[in-house]
Structures are given as structure tokens and as C-alpha cells.
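K.L.:
First the structure, then my questions, so here it is.
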Amino acid sequence: MATERSASVPPRDGDGGLTQTGLLPRIRWLWGLKATRIGCALTVLIGVALLWSGGGALERLSYDVTFPLQTGTPNELVMVYIDAEVKHRLNQPTDQPLDRRFHAQLLDRLRKDGAKLVLYDLLFDQPSADASADEAFAAAMRRHGRVVLVAADFDERQDARANFHVGGIIPPIPVLSDAAAASSLARIDYDPGRVVRKLSAGTESEPSVSWVAASFLGAPIPKQPQRRLQPRWINYYCAPKDLRAVTFDQALSPDGLEQGYFHDKIVVVGRSDDPLDTFQTPHSRFASGLVSSGYDSPGAAIHAMNLVNLLRGDWMTRLGLLPELMIVIVWGVLITTLLMLLRPWPAICAALALGAVFTGASVLLALKTHVWFPWAVPVAAQTPFALVWSVGFESVRRRRLRRAFGLYLSPYMADRIANSDFDLSLGGKEVEATVMFTDLEGFTKMAEPLTPTEVSKILTSYFNLTSRAVLDRDGTVIKYMGDAVMAAWGAPLPDPDHAQRAVLAALAMRRAGETEIEGRRLRTRIGISTGICLAGNLGSDSRFDYTLFGDTTNFASRLEGLNKYLGTEILISDSTRRQLNEGVRLRGVGQFIVAGMSKAVISLKSKPRGALPPLALPGTGPCGSLRNSGWLVLAPSLHYVAGVSYDAPVDALLQKVWDGQRINQAEALQLYHLPLEELGALADRRRELAKTTAYDGHGNKIVTYIVDRNINYTNVCNVYCKFCAFYRTEKDEDAYVISFEEIDKKIGETIALGGTQILMQGGHHPKLTKQWYLDLLSHLKSKFPQINIHGFSPSEFIHFREVFGEPLERIIGDFKAAGLGSIPGGGGEILVDRVRQRISPLKAMSDDWLEVMDVAHRLGLSSSATMMFGHVETIGDRIEHLERLRAQQDKTKGFTAFICWTFQAEHTKLRAPTVGAHEYLRTQALGRIYLDNFPNVQSSWVTQGQEIGQVALKYGANDLGSIMIEENVVSQAGTTFRMSVGDMRRLIKDLGYEPRQRDNWYRLLN
Ligand code: SF4
């Protein structure tokens, strides 16, 4: 058997098990939130705004990032640079242009090598001092034939507003211009920071020098002049510093470069030390420290890149506004929704990963197709914003949840709620949960004499204890109502062990009730039910309460109320019981009809314990509603069962008793050890079954009684029972044999009191003759024909058989003929000979007693059956006694009722501890259950007093017996309870029954 401590629940789940109930439901939930829709809209808006305004730094970043990954140096290009060092090595003044004869030499060298084209990015806007130098240069250009010059008379200007650098449109001096193959505008568009990204093809009126040179070399694009001004971006094959380049003097020296070095090359000649003609490129962004200057680009290199781009047709093209808008819209919605789905850290990781993937894909697209778009807008603007929105939303949501549930949940549960997808919006959903209602027993009465402050202190302490029991077991305190508490498990978060935790919390509350609060012991009554509930937030947008409602909640409340009537502390529904593990033992207390709960009955799916009439409950009030709606199976109070496991066989036995089935002796022994209130409830059920059809169907509303007189015709007895204080010997002074006149007088008094019967028994007088008895009976019958003579116990008849020497049939037959109406069950004691030998060895044995009853019943005389217990017998002996009575009743059906009482020891020779009301009620209840063929059970107020006699009516009895106008036997043993008809009727009425007088055969008299 497990103890309550081991009646545990599995460890708490990690958060992960509770946070997701499926992606689609969560997406649906998210889209139901205003925050998600606003977040998506803002993310999209940011993307669109950045595109619309040009994108600025993000747009430029998107373009730039592609080029550090390019490593292909164009082979068809050679740069020839002139700087101060070159001039110095050529013995030229460094502050003057180079003597143009050197250019003539270079062109001759390039011509001999077979250079494809020579583009001069040098300004020849002034004639040389020595005209022959210009002539020589012009002659060399003519000999070469493929020399392109930038516009001459170069006038450097910079338009700050337009951000462009212009070579003057004034052509070179005529002698050179005429000799060149072509000359045109040197234009470079650049962004802030002099970073050149756009490929310039000139102005509307003038093509750029690179466009002209490409045209001269036969490139396809210049053949479509209408496309010249289309936006193009430079495709930097490599950093400008990595272009193939030589110095001017190196190119001139016959020993500097091998012959044919310039064969089939495009040679671009320019200055590398002119700060006004130096620019930044995308590669410059990634330069740092000492090498940063190496990423600066002479204007000549920019023109060279432009020319090669136009020749190859592989310049960079931007995707276009419409597709770019589509990208930022779709990305904005997707990334916001996705990040809202995730917790902060996963969201950060997802944002980083998706940003990296998007960046990689975009760069790859640019590298492979030369199409770029401002991918940094979604990656570096939209995604961070969506991430911040998501984290912010999650933070706000968690704060709200913690605030909303912090008062009702343990910190652990509040965190779980905050980490879950719990929806704070109004409304509810169906969940399976366990609901608990508690109430303080007698609180109203207790609070009456107290001041509000004192009441408040008591309630605060009590609620602290109660709430701790709930919160420590992961429950939710739903609300406090006066001195009551409503709590739930399984909601708002699912919990597979909700029923188990609720029951353990109830047990903890009960233990807490053993603690004194402000000097008082508070007893908590608890009702628990499990089932489908509608759980959610009820209220307005500004104020709401989380609660559970529905039949399960109602039923838990009813169970709490039912405790009051059953005297239990904790009642749980059958649906709760079925979800408990084996560590908790329960006992069924019965089936009850609960008003308005028919739906709950269906949802509980419990197997009804028979279609039988409802258990009668006293009074009205909260449990006055226990009627007319359906059957429920309840489990009992837990206060005595903690620490043992559920006992299925016992439960089956209870069901068997409930159903009215016959039990055997072993089962009776099991029942005997049930808690008294359970045994009483079962006996009450059997009384209900026995009387269902009695009195025109009113048998369960009526409790009967009889008015009769106990007349002991003699106290002379030669049996000497050890338990008897009544008998006397013939020699005793107070020995007597009653006279006919005395009996007449007693019967007259009885009739005057409304009596209908005399119970006439005596000692076993050795000398009274048969004729004396027959004369007595005849006399009484003739004088009082309305009085039933209920006389002579079986042991007296056994004595008569010995004294008269006649068979029982004749004696009983003659007595009946003389006026005997019925036979009392006196002298039965315990029908086990071993017991009888110890307490009354000279008296009739068990078989004798039963033989008399057998004969009497067969002769048409009914009788009662009795049991006197609580002396030397065992529980098994009592059950054996019941078995013999039941067997006899099966044979002859002559017993009208069963009556039991406890041994009264005073003035007797038999010493035995006195048994009290508890054992009396238990034994009577067992008798009612065992004797399933007895129509009536009489309570014994004579030995137990009025109050216990009344209570016994809830332990199987349906009759309060006689008012006992005179009683001599029990009173001799020290018990002298008295009762009037008025007392008897009041006791019956107080219990909710209708008192009715009866005769010996239980027929109603009024
Ligand atoms: S109980 Fe009856 S039989 Fe026994 S001694 Fe008393 S009077 Fe006699």
C-alpha cells in the first residue's frame, strides 16, 4: 500500500512542452492579434520608405558588398601612369606637363607592340612651348591611328549640387584633336564621399569618352545610341589598384617591358598623383589602415573600367522599383510573422540566419547575373525592426500575463503562463480541468461575535494557508468568495495530472486545517470535480477575470455543499477518482441526484449504480437541491484514507450492497470494518430498498412505532442466565407470579394510552402448568379482544416442552387457539451455541430457538427476531447469528422485524466491557444489510437513549419500537430510558419522516 507521500505526480514538464500546440493554430492566434498586423505594416512601411527615398547608405551598401568577392583582373587592359616620380626619372620638371615627345615615343612603342587602343585621360588643352613636340605627338597619333583623347583644354570644375566631375567639353588643341581617332567628354558621376558607382555614358549631348572608345572598338552597345543614357552601374572586376599597370617611363624603356607587352591591349594613360582626379570605389569601403590609400582610384582607372564594362556588356543593372517593392512587402510580412512566432533568443538566431541567407542569395545573384537590388533594406532595416517588435511584443505580453496571473499562480506557474501562448483576449475555450471549491465549516456562526478586524485577520491567515496548498501544487486560485475559495488545475495551462494535484492539494488543506488560526481550528469542506469546462477571460476590455464555468464547476460546488450533509470533509466526483493514480485510496459514499446536473452526469460518463430511487437526505438548503436530475457516483471523504491505495474489491462490494444483492458472511465482515458513516449510508440504502413499495409507495417517508406494554408474568426462573438481573428463585422474597386481576389492570391502562398490544414474557417457572397459561390467554382474549398478545419467547416454549411433556406443535397450537397472537424473539441473544454455553448454559440452544420459530411460523404465528450483543461473542458470532436468522426467514418468512440491543451489565454476573452507540449503530446497520429478507428493523432506544434511537433510523431502522409503558428486564440491569408517544413522534418528525402508529404486523393504525 502506498502512502500519501508516494501518491505523487510526475515531475513538472519543461516549458517546451507547453508552449506550442501547433504552428497553424499559433499563426492563426498571432494574426488575431493587433500587434502582429501593426508590426507587419510598420516593417513593410519602413522598407517602402527606404526604397522610395533612394535607400541612401543601405542601397549603396547593397551595391558595394558584391565587389570584394570579384577577383578577375581584365586582361585586355593595361594602365600607364604618370606621376612626379616618373617625371623626375625622365628629367622633367615635376610641376609641368610632360614633354609631349615622350607621348610620341610611347605611342610608337604601343604601335609596335600592337596595342588595340590608347585612351589618354590627360588634358592637352594648351599647346607646348615647343610646337615641334605637339607635332611629334600628333604624328605619332596618326601613325598609331587608334588614340582617343579626353576633351582638351581641361578645366576642372566641381558642381557641388550635382555631384559630378566634369572634364571640359572644349576639345584638345586642334593639332592633337585632328590627329586623334576621337575625343570626347570625360565625366564621372559619384556619390557622397567621391565614391564612384554609376557608369557614365555622357550627357544628353555628348557621349562619354569610354562610350566613344567602346564604339571605336566595335562594342555592341554603342550601336544602340537610344540606350546610351540608361542607368548603369560599374562592374568592378577588381580593385583599381589591382589593374594591370606600368609607369610611363617603364613603358618607354626598351629594357623595361618585353616586346609585345601591349599587344592587343587597351592602354589607358593617365595621372596617378592628381588629387582632383582621385576617387573612391566600392573597394574603398573595405579598406582599412595602411592599405586604405591603395583603394583610391585615379580617374583613368574609372574610365578604363567603364570602357571594359561597355565592351563586354557586363555592367551592373539594378532590379527595378516594382520588383524591389514586392520584395520588401513580402519580406516585411514574412519576417515579422515568423519572428513573432518565436521566443526572443530563437528569434534573434532566426533573424541572423535569415539575414545571412538573404544576403548571400542577393550577392550571388549580383555576381552571376550582374543584377543587384538594395537587399540591405530588408536585411539591415526591416529584419532588425521586426526583431525589435517581436521581442518588445513578447516582453509586453509576458509582463501583462505575469501581472494578470501573478496573484493567482505560483511564480513557477506564472512563468509558464508567460512563456506559453496564453491568449489574454476575452472569451473562453473548452478544456479538461479539475475544479475545487472550499468552504469554512461554521464560519458565519463563528464570525458573528467577532469584530470585522478579527474576521479579516482570520480570513487572511486562512486564505494564506489555503492558497499555499493550491499554488504549491501548481493550481490556480481562481477567486475568493467570502470564506470560500475556487481553484482549478489543468487551466489555464494543460496539466495531465490535474486531478491528482487537486486531490493532493485538498489533503494539504485538510492538514493545514489542523493548525490553529487566531486560536481557532478551522475545518475546510472541499468539493472536487473533473471534466470539460469552459475556461477563459470574462469581463470587459479594461478589467477581466480568468475563470472556469460549466457543469464541472457547478458540480464541484455541489460536492462542497454535500459534505455538510454527509459529515465529510473532502468529496470528489467519480470523474476525478478515475484520473487518480494508485497512491490515493477512496471510498464511495453513494449515489446522489443533483438538481440541474443532468448534463454533468452525461459528461462524467460514470456507470450509474443502478436505476434506483434517490438516497433520502434530510432537510433542504444547498443540498435540498439534491433531487430529481440523474445519478452521480461520489467518492467519499479523504480524511481517513490518505496513505492507502484504491480498493477495487471494496468498491465492488459497496456496489453490490448498493444494488441490493445478498452478501455472504465474509463480505459482511468486510463491511463491518467500513467507516461508520459509509456503513450507515449503505444500510440506509438497504432500508430504502426494503420499504420502497411499502405503504402504497410511501414506505420511505414513514417511520412507525407501536404503543404496547411489557408484562412479565413471573420473575421466577430456573435458567440463571449470567447476563440476567431479572430472574428470582421461588424462595426469593420478591419472587412473584402475576394474578389475572393485575394483568387486567395493566392492560386497561395500556388501552387507555392507545395501546394495541402486550408483550408478555416471564422467567422459566418450574411449576406453572399448561392449563394456567391457557386460562390466562383465554381470559385475556375474551376480556380484551382488541389487544394482541405478543407472548412467550422460544426459550419459554422449550421450557414448556420439558415441563408439559408435549411436542412444540401441540403447545404452540393450543396457545394460539387460546388467544396467543404472535411470538417475540426474546432469548435469541447470540444464536451460536459456543456463546450460549458461556452466558446461559441452561437455556435453549440455537437450534431449539429456531425450531420454535419454525413451528410457530408454520402454525401461522409471526414473530420478531432479536439479537443481544456486546458480551462474549465475536463479530463473526454476530454475523453467524444473522446468517441463521436469514436462513430461517428464507424457509418460513415469519419474522416481521429484526431488533438488536446491547448487553446491559449492571447487576448481572456477566462481566464484559460496555459497548457504546458506535458499535450499536454499526451492528444494526450490518443487520439491515445482511437480513435482506426482513421487511423491518426496529431501533433500540430502550438501551441507547432517545437520541441514538433516533439516529439509528439513519442506520437501517424504519421503526422506533414501543413507547414501553412498562419494562422490567432491561431496567433491572440499570438502563431506565423512558419515552412518551409525543417524544417518539417528535424524534421521527425531526428527522424528516412521518410518524405513524402500527400494530404487531406493521399495519398502520391511523
Ligand atoms: S433471561 Fe430469562 S431465562 Fe434467562 S434467567 Fe432471565 S428470566 Fe430466566
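The values are calculated or read from the model by the stated rules, or taken from the named source; none is laboratory data. Small disclaimer: the values here were computed from a predicted structure and weren't measured. Using ideal geometry, Cβ is built from the backbone for each residue, glycine included, and neighbour counts are taken over all protein chains shown. In case anyone asks, the SASA skips ligands and DNA or RNA and just uses the protein heavy atoms, side chains included. Shrake-Rupley method; radii C 1.70, N 1.55, O 1.52, S 1.80 Å.
K.L.:
Please find, among A725, A752, A735, the residue that is more than 23 Å from S863 (Cα to Cα) and touching a residue at least 40 places away in the same chain (Cβ under 8 Å).
P.N.:
A725 is the lone residue from the list that is more than 23 Å from S863 (Cα to Cα) and touching a residue at least 40 places away in the same chain (Cβ under 8 Å).
K.L.:
Could I ask something else about it? With L759, L777 as the choices, which residue is open to solvent by less than 50 Å² (accessible area, probe 1.4 Å), more than 14 Å from the ligand (Cβ to nearest atom) and over 60 Å from the mean Cα position of the chain (by Cα)?
P.N.:
L777
K.L.:
Could you pull out the residue among A818, A735, A752 that is surrounded by 13 or more Cβ atoms within 10 Å (Cβ to Cβ), away from the ligand (no atom under 16 Å from the Cβ), over 20 Å from A865 (Cα atoms) and of a type in the set (A, V, I, L, M, F, W, C)?
P.N.:
None of the other options fit; the residue is A818.
K.L.:
Taking strands (runs of 3 or more DSSP E) that fall entirely within the range 112-182, which contain at least 1 residues that are at pLDDT 80 or above?
P.N.:
Because the criterion is at least 1 residues that are at pLDDT 80 or above, the strands (runs of 3 or more DSSP E) in the range 112-182 that meet it are 117-121, 147-150.
K.L.:
Can you tell which of A214, A219 is assigned to a loop (DSSP other than H, G, I, E, B) and aliphatic (A, V, I, L, M)?
P.N.:
On inspection, the qualifying residue turns out to be A219.
K.L.:
Turning to a different aspect of this structure: One residue is enough: does the range 668-677 have a residue meeting the conditions at pLDDT 95 or above, surrounded by 17 or more Cβ atoms within 10 Å (Cβ to Cβ) and assigned to a helix (DSSP H, G or I)?
P.N.:
Yes: the range 668-677 contains one or more residues that are at pLDDT 95 or above, surrounded by 17 or more Cβ atoms within 10 Å (Cβ to Cβ) and assigned to a helix (DSSP H, G or I).
K.L.:
For G699, are the conditions met, namely being open to solvent by less than 50 Å² (accessible area, probe 1.4 Å), under 60 Å from the mean Cα position of the chain (by Cα) and not hydroxyl-bearing (S, T, Y)?
P.N.:
Criteria met by G699.
K.L.:
Looking at the structure I just gave you, is E796 acidic (D, E) and either open to solvent by 10 Å² or more (accessible area, probe 1.4 Å) or away from the ligand (no atom under 15 Å from the Cβ) (or both)?
P.N.:
No: the conditions fail for E796.
K.L.:
So the check is Cβ under 6 Å with 6+ separation or different chains; which pairs have a first residue in the range 781-801 that's aliphatic (A, V, I, L, M) and a second one that's assigned to a helix (DSSP H, G or I) and within 16 Å of the ligand (Cβ to nearest atom)?
P.N.:
That search, which allows pairs on different chains as well, returns I798/D848.
K.L.:
Another one. Report yes if D744 is surrounded by fewer than 16 Cβ atoms within 10 Å (Cβ to Cβ), charged (D, E, K, R) and within 16 Å of the ligand (Cβ to nearest atom), otherwise no.
P.N.:
no
Residues are listed down the side, and each one gets a yes or a no for (1) under 30 Å from A219 (Cβ atoms); (2) in contact (Cβ under 8 Å) with a residue 40 or more places away in the chain:
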residue	(1), (2)
L325	no, yes
V333	no, yes
T336	no, yes
C349	no, no
A356	no, no
L367	yes, yes
W372	yes, yes
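K.L.:
Let me ask something else. Tally the residues that are within 15 Å of the chain's Cα centre (by Cα) and of a type outside the set (V, I, T), restricting the search to the range 460-471.
P.N.:
1
Residues are listed down the side, and each one gets a yes or a no for (1) touching a residue at least 60 places away in the same chain (Cβ under 8 Å); (2) β-branched (V, I, T); (3) within 16 Å of the ligand (Cβ to nearest atom):
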| residue | (1), (2), (3) |
| --- | --- |
| F804 | no, no, no |
| D814 | no, no, no |
| G827 | no, no, yes |
| L831 | no, no, yes |
| H857 | no, no, no |
| M867 | yes, no, yes |
| G876 | yes, no, no |
| Q888 | no, no, no |
| A897 | yes, no, no |
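K.L.:
A further question follows. Quick check on N710: is it within 16 Å of the ligand (Cβ to nearest atom) and buried (at least 20 other Cβ atoms within 10 Å of the Cβ)?
P.N.:
When the stated conditions are applied, N710 passes them.
K.L.:
Right, another one. Going through the range 716-730 one residue at a time, which ones are more than 6 Å from the ligand (Cβ to nearest atom) and in a loop (DSSP other than H, G, I, E, B)?
P.N.:
If the condition is that a residue be more than 6 Å from the ligand (Cβ to nearest atom) and in a loop (DSSP other than H, G, I, E, B), then N718, K722, F723, A725, T729, E730 are the ones that fit.
K.L.:
Also: Please give the number of the condition K843 fails out of (1) within 14 Å of the ligand (Cβ to nearest atom); (2) open to solvent by less than 10 Å² (accessible area, probe 1.4 Å); (3) in contact with a helix residue (DSSP H, G or I) (Cβ under 6 Å, 6 or more places away or on another chain).
P.N.:
(2)
K.L.:
So is G826 small (G, A, S) and surrounded by fewer than 17 Cβ atoms within 10 Å (Cβ to Cβ) or not?
P.N.:
Considered against the rule, which asks whether it is small (G, A, S) and surrounded by fewer than 17 Cβ atoms within 10 Å (Cβ to Cβ), G826 comes out as no.
K.L.:
So which of L107, L61 is open to solvent by 30 Å² or more (accessible area, probe 1.4 Å) and assigned to a helix (DSSP H, G or I)?
P.N.:
L61
K.L.:
Those residues that are assigned to a loop (DSSP other than H, G, I, E, B) and open to solvent by 40 Å² or more (accessible area, probe 1.4 Å), I need them from the range 879-911; list them, please.
P.N.:
K893, E906, H907, K909, R911
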